[in-house]
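Heads up: the structure comes next, in structure tokens.
The values are calculated or read from the model by the stated rules, or taken from the named source; none is laboratory data. This structure is a prediction, so every number in the text was calculated from the model and none was measured. Positions of Cβ are backbone-derived with ideal geometry, glycine not excepted, and every protein chain shown enters the neighbour counts. Note: areas computed on protein heavy atoms with side chains; ligands, DNA, RNA excluded. Shrake-Rupley method; radii C 1.70, N 1.55, O 1.52, S 1.80 Å.
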Amino acid sequence: ARNLYLQGRYHMNQRTEEGLRKAVEFFERAIVEDSHYALAHSGLADGYGLLTHYGVFAPADVWTKAASSAASAVMMDPHSSEAHTSLAHVKSTQDWDWQGAEREFQLAISLDPTYATARHWYAVSCLVPMGRLDEALDEMYMAQSLDPVSSIVARDLALVHLFRRDFEAALEQCDHAIELNAHFS
């Protein structure tokens with residue numbers, strides 16, 4: 001189940017329609033292997049959420065699945081940073097429950113301060129919409145220091161610079177993102 005989960009995360013990080021669809025398949029296979037594997041449920045929640053975010057599925061088609069998978073992950077392992085990150089992402093992107101999302105993100109970060117996705121998603125799906133751009137920038141820098149080869153973190157750091165109207169830094173960060181992977185979205 002762990003191997004299938006890791007393959008799912010790999011494909012999800014490609015942020016392509018094919019990659020996201022493959023990721024969901026891997027997470028579903030991991031759950032078949034071990035139905036109580038919280039990380040697989042967390043991955044499934046993230047995969048469904050991103051499939052909506054990237055316009056592959058309509059929100060009505062998968063948001064219930066994403067929310068259910070995130071809640072299951074937290075129930076199965078309340079000490080999982082990944083599970084709380086998934087639940088926080090659902091709260092921010094689906095429910096616009098900024099306070100609930102922030103509590104979950106902060107809990108996720110306290111459980112594992114080195115989980116880059118928690119800091120990344122806290123920045124872009126919670127702090128940015130609340131207009132807390134300086135805090136978002138700090139979290140993105142931390143995410144990048146934890147995962148310096150992540151194309152999605154590099155791209156979204158450029159977006160935070162853009163939102164802060166620091167166009168020079170945004171352009172420099174775009175160049176860095178292109179250096180990491182010229183074919184990334």
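Filter the range 43-63 for residues that are surrounded by 15 or more Cβ atoms within 10 Å (Cβ to Cβ), touching a residue at least 12 places away in the same chain (Cβ under 8 Å) and in a loop (DSSP other than H, G, I, E, B) and give the result.
If the condition is that a residue be surrounded by 15 or more Cβ atoms within 10 Å (Cβ to Cβ), touching a residue at least 12 places away in the same chain (Cβ under 8 Å) and in a loop (DSSP other than H, G, I, E, B), then V56 is the only one that fits.
Out of the residues in the range 64-99 that are open to solvent by less than 70 Å² (accessible area, probe 1.4 Å) and β-branched (V, I, T), which is nearest to E139 (Cα to Cα)?
Applying the filter and picking the extreme gives T85.
Pick from A170, A143: which is under 20 Å from the mean Cα position of the chain (by Cα), buried (at least 17 other Cβ atoms within 10 Å of the Cβ) and either modelled with pLDDT of 95 or more or more than 23 Å from R9 (Cβ to Cβ) (or both)? Lay out the reasoning, then the answer.
Working: A170 fails: under 20 Å from the mean Cα position of the chain (by Cα).
Result: A143 is the single residue among A170, A143 that is under 20 Å from the mean Cα position of the chain (by Cα), buried (at least 17 other Cβ atoms within 10 Å of the Cβ) and either modelled with pLDDT of 95 or more or more than 23 Å from R9 (Cβ to Cβ) (or both).
Would you mind stating whether H120 is crowded, with 19+ Cβ neighbours inside 10 Å and closer than 19 Å to V90 by Cβ?
Working: crowded, with 19+ Cβ neighbours inside 10 Å: yes; closer than 19 Å to V90 by Cβ: yes.
Judged against the criteria, H120 is a match.
List, please: which pairs have Cβ atoms under 8 Å, are six or more places apart or on different chains, and start with a residue in the range 159-171 that is touching a residue at least 12 places away in the same chain (Cβ under 8 Å) and end with one that is among the acidic types (D, E)?
Going by the 8 Å Cβ cut-off, the qualifying pairs are R164/D134.
Looking at the range 16-42, which of its residues are buried (at least 18 other Cβ atoms within 10 Å of the Cβ) and of a type in the set (K, R)?
Scanning the range 16-42 gives a single hit, K22.
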